[in-house]
Amino acid sequence: MIELSNLYMFVLSSFLLCLAPGPDNIYVLTQGMTKSKKAAVVTTFGLCSGLIIHTSAAAFGISVIFKTSQIAFDIVKYLGAAYLLYIAYQVFIHRNEPLDLTAHGSKKGLKALYIKGFFMNILNPKVSIFFLAFLPQFVSVENGNVPLQMIILGVIFMLLTIIVFCSIGIAGNMLSSKLLQKPKIVSYMNIITSFVLVSLGIKLALSQR
């Protein structure tokens, strides 16, 4: 259904996009550095679950609403920015708490991380617009069933994202495991994490269609 030449180009482009420093993979990296490998992996799955929504929206044209309606775009944008700032606040006020990997490895803690990742992704309308602009470039109308082609491409993008982001998070955890034994380092990393989240929230709030 999808031409092989388009598929190869899509995989290569998607892989490079996943590697490029951005809000999501930076967040996964900080999760791996300040919490655990499992936290980074769960956060990745939360973020990638949001991609299912964006892929479906792009495939069935819902993303056009964000592209054509400034009000709809602004509502979702500001909700996303507010959520990022809320997470940043939570991280900052708990910055001096000792690192407890067992808490982050509990079902409740992992569920919270998953939900955070999910909402961080779906509350960013620019992701929907990106998918609406990116996926059609690799779709062939002649092959029919364009929505299905876009969904397949979206699933491939999601799988690549899972692989790359999990690798980033695990690598970050391995590099920082010794440093995290020092409470002050944990505090500094939490401050950096909250700063990154605030920056992302402000950037999202100031973003344009």
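Going through segment 156-175 one residue at a time, which ones are more than 13 Å from the chain's Cα centre (by Cα) and not hydrophobic (A, V, I, L, M, F, W, C)?
The answer is S167, G172, N173.
Could you check segment 110-161 and list, in sequence order, the residues that are open to solvent by less than 30 Å² (accessible area, probe 1.4 Å) and under 10 Å from A59 (Cβ atoms)?
Those that are open to solvent by less than 30 Å² (accessible area, probe 1.4 Å) and under 10 Å from A59 (Cβ atoms): F131, L135, V139, Q149, M150, L153, G154.
Which condition from (1) surrounded by 14 or more Cβ atoms within 10 Å (Cβ to Cβ); (2) at pLDDT below 75; (3) more than 26 Å from I168 (Cβ to Cβ) is the one that G61 breaks?
Just one mismatch for G61, condition (1).
Kindly check whether there is at least one residue in segment 1-10 that is under 18 Å from the mean Cα position of the chain (by Cα) and either open to solvent by 20 Å² or more (accessible area, probe 1.4 Å) or at pLDDT below 75 (or both).
No, there is no match, as no residue in segment 1-10 is under 18 Å from the mean Cα position of the chain (by Cα) and either open to solvent by 20 Å² or more (accessible area, probe 1.4 Å) or at pLDDT below 75 (or both).
Looking at L153, L132 in this structure, which one is part of a helix (DSSP H, G or I), under 22 Å from S5 (Cα atoms), over 13 Å from the mean Cα position of the chain (by Cα) and modelled with pLDDT under 85?
Testing whether each residue is part of a helix (DSSP H, G or I), under 22 Å from S5 (Cα atoms), over 13 Å from the mean Cα position of the chain (by Cα) and modelled with pLDDT under 85 leaves just L132.
The values are calculated or read from the model by the stated rules, or taken from the named source; none is laboratory data. Please read all numbers here as calculations on a predicted model, not as lab measurements. Neighbour counts are summed over all protein chains in view; Cβ atoms, including those assigned to glycine, are modelled from backbone coordinates with ideal geometry. Keep in mind that these areas ignore ligands, DNA and RNA; they rest on the heavy atoms of the full protein, side chains included. Shrake-Rupley method; radii C 1.70, N 1.55, O 1.52, S 1.80 Å.
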